[in-house]
Amino acid sequence: MILVADRNGAANNSLRGGRKSINHTNMKKSNTNRSGGVARLSVSLPTGLVADLDELVQAKGAASRSGLVADLVREAVVEHQSRTGRQNVAGAITMVYDHHARNLQAKLTNLQHDAEGLIVSVMHVHLSHHDCLEVLAVRGAAGRVRKLADQLAAVRGVKHAKLTITTTEHQETA
Ligand code: NI
């Protein structure tokens, strides 16, 4: 199969386990810069995974295999960059907590005040008698965003906390 990627080797991390290889010899040197242009490369995937990929293309209504693979690669790149700490990211921290837990509200409030500048918006939903759902829209250095999410998740009484991130840097879409 043929897929399109904008970075040499980036596709390596995007697909789930199993055999895979990327034939770099098909990459044109002139197309390996990170902005603009399209590079063609061939990859080898287990047959079953190709069938899964095609099903996913259909299910998601993606324009092509290339478009879907490019999306998966971008997701993996953003995820990777978010661990380096330097990249600016935007995203949401979604959490559910029992507001009856001792000192929980005060701890969460303190952490959010300490993360000055990171939180741009907060939505609070009283889910049930016990549980609250809170969604924090965040923007800033990846390391700080991730640290805040980890700190909130660690507070006793927080049942679930998940950080979803995207990039704030403009990217060409294939
Ligand atoms: Ni509430």
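Structure values in brief
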| read-out | value |
| --- | --- |
| Cβ-Cβ FRET estimate between H126 and A63, R0 fixed at 41 Å, reported to 0.05 | 0.50 |
| Summed side-chain charge close to R156 - residues other than R156 whose Cβ falls under 13 Å, Lys, Arg +1, Asp, Glu -1 | +2 |
| Residues T167, T84 arranged by fewest to most Cβ contacts within 10 Å | T84, T167 |
| Gained length - L111 relative to K159, 0.36 nm times residue gap less alpha-carbon distance | 15.6 nm |
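Throughout, read-outs are computed from the coordinates displayed, never taken from laboratory work. The structure displayed is predicted, hence computed values, not measured ones. So basically every Cβ, Gly included, is an ideal-geometry build from the backbone, and we count neighbours across all protein chains shown.
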